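All remarks here apply to the structure that follows.
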Amino acid sequence: MTPTDPQPRRGSNFLSGLLGGFVVLAVGGGLVATGVLGEDEGDNPKAPTAAESITRPVDDGGSDSARSVSDIYREEGQGVVFVRSQGVSGSEGGESPFGQPEGGGGTATGSGFVVDRQGYIVTNAHVVEGADKVSVSFDEKTSSFVDAEVKGTDVSSDLAVLKIDPSDVKDMKVLPLGDSSDAKVGAPTIAIGNPFGFTRTVTTGIVSAVQRTIEAPNNFSIADVIQTDAAINPGNSGGPLLDGQGNVIGINAQIATGGQSSGGSIGIGFAIPVNTLKKLLPDLKAGQSIKRGFLGVTTASVNNEVAEQLKLSTKSGAIIQDVTKGGPADKAGLRAGGTATADGLSAGGDVIVSVDGKRVKSSDELVAIIAGKKPGDEVEIEYLRGRSGDRKTATVTLGNRPAKVDTQNQPQLP
């Protein structure tokens with residue numbers, strides 16, 4: 001379970017924090033990382049692999065070059081690795097941001113995949129965070145490991161880049177990076193990884209939804225996430241989500257548990273879009289820190305129901321629930337609400353309806369827009385104030401996103 005596990009009374013009402021982008025995702029259950037399990041919990045690299053007999057063709061919407069699942073598994077699967085992080089203790093001990101057990105001298109495991117012939121490997125930040133030593137295995141039969149250097153991590157996107165000596169691996173397979181903006185609901189998906197230590201396992205499904213928003217390990221939000229029903233579980237973290245042609249469209253990161261204590265797949269998984277990775281990859285390879293813009297508000301999406309309940313003059317937008325004191329939004333004069341409703345919403349706040357002339361229909365859209373900005377960028381925010389809906393504008397100079405936000409001090413649904 002994550003530290004924020006809201007049970008919304010109405011599915012359309014959920015809060016989105018934009019302290020640079022924190023979001024509480026209303027899925028009716030917990031979100032867990034799909035790859036931080038100790039070796040004492042069944043993470044044996046020698047565990048059974050996926051069956052080689054899968055020959056069902058992938059329906060890719062009519063392409064003449066459709067490939068079978070077994071072909072993609074046989075080819076692209078060679079570039080998927082088992083990641084082992086030793087000495088994991090976490091920044092504060094106890095549990096990780098996703099509720100997974102961590103302890104001094106512990107071992108976390110997950111998945112990763114090769115992105116070029118120089119030996120760079122992509123995985124999730126939460127798989128390697130706090131590790132004393134990281135190694136990877138390409139061979140599920142011998143379970144031989146090679147040392148990997150953590151070149152760069154970005155907790156806000158839950159991405160990390162590792163580096164190995166390419167001469168340590170024979171015939172290293174590089175996975176092609178696709179275009180996550182082309183992902184269509186209903187399109188086929190293929191996940192390859194190491195769930196519960198069962199090395200190089202393949203599962204299939206479809207794109208269930210796009211443009212989801214999930215919570216990063218530092219409690220900020222990750223935008224434009226791909227939802228899939230391909231079975232992914234703890235141990236899949238950092239592994240690729242592929243399209244019907246074998247191109248990476250996402251990096252598997254989290255699952256919704258539906259409140260199940262087992263933390264297993266219920267068919268709702270989330271993958272970080274590969275386009276996010278492609279933007280960050282050069283900086284992560286170089287070990288550079290990623291800087292992001294920071295607005296400093298917490299918002300809730302406005303829809304017909306919220307508009308009627310709060311008697312708003314608009315049926316879309318992002319209503320401010322909280323403003324970070326001294327933050328960019330506060331300095332620009334944006335206001336939060338002050339009266340709590342039965343559903344946990346705060347009434348009376350400004351409703352943001354556009355940023356730089358681009359219409360904002362929901363909190364998720366606001367998150368995505370600000371996530372694409374940098375510290376120091378000036379943005380023009382159009383908002384509605386009060387029940388009369390007086391239209392106002394404010395020029396906000398974005399700050400630098402802090403390393404982490406404390407969700408305990410943010411308004412949440414009961």
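The values are calculated or read from the model by the stated rules, or taken from the named source; none is laboratory data. The structure presented is a predicted model; accordingly, all values stated were derived computationally and were not measured. Neighbour counts are summed over all protein chains in view; Cβ atoms, including those assigned to glycine, are modelled from backbone coordinates with ideal geometry.
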Task: Exclusive hit being closer than 19 Å to VAL114 by Cα, assigned by TED's automatic domain parsing to the domain that holds ASN275 and among the aliphatic types (A, V, I, L, M), set VAL207, VAL136 - done: VAL136
Task: the range 227-267 - residue that is modelled with pLDDT of 95 or more and of a type in the set (Val, Ile, Thr) and, of those, nearest to THR109 (Cα to Cα) - done: ILE251
Task: Residues located in the range 287-316, provided they are surrounded by fewer than 19 Cβ atoms within 10 Å (Cβ to Cβ), of a type outside the set (D, E, K, R) and either under 21 Å from the mean Cα position of the chain (by Cα) or not assigned by TED's automatic domain parsing to the domain that holds GLU382 (or both) - done: GLY287, GLN288, SER289, ILE290
Open item on the list: Suppose we keep only residues that are modelled with pLDDT under 95 and on the phi > 0 side of the Ramachandran plot within the range 165-208. Which one would you say is surrounded by the most Cβ atoms within 10 Å (Cβ to Cβ)?
Closed with: ARG200
TODO: Could you check, for the range 375-390, whether at least one of its residues is in a strand (DSSP E or B), farther than 25 Å from ASP224 by Cβ and free of Cβ contacts under 8 Å to residues at least 12 places away in the same chain?
DONE: yes
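When the residues of the range 331-343 are narrowed to those that are outside any strand (DSSP E or B) and under 13 Å from ILE320 (Cα atoms), which ends up modelled with the lowest pLDDT? Steps first, please.
So the first thing to find is which residues in the range 331-343 are outside any strand (DSSP E or B), and the list is 331-338, 341-343.
From what is left, the residues that are under 13 Å from ILE320 (Cα atoms) are 333-338.
Numbers: GLY333: 96, LEU334: 96, ARG335: 94, ALA336: 93, GLY337: 84, GLY338: 81.
Looking at residues that are outside any strand (DSSP E or B) and under 13 Å from ILE320 (Cα atoms), I get GLY338.
In the range 321-361, which residues are of a type in the set (S, T, N, Q) and over 19 Å from GLY389 (Cα atoms)? Give the derivation first.
Initially, the range 321-361 is screened for residues of a type in the set (S, T, N, Q), giving 321, 324, 339, 341, 346, 354.
Passing the criteria: THR324, THR341.
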Task: Residues that are closer than 27 Å to VAL210 by Cα and part of a strand (DSSP E or B), drawn from the range 346-374 - done: VAL351, ILE352, VAL353, SER354, VAL355, LYS358, ARG359
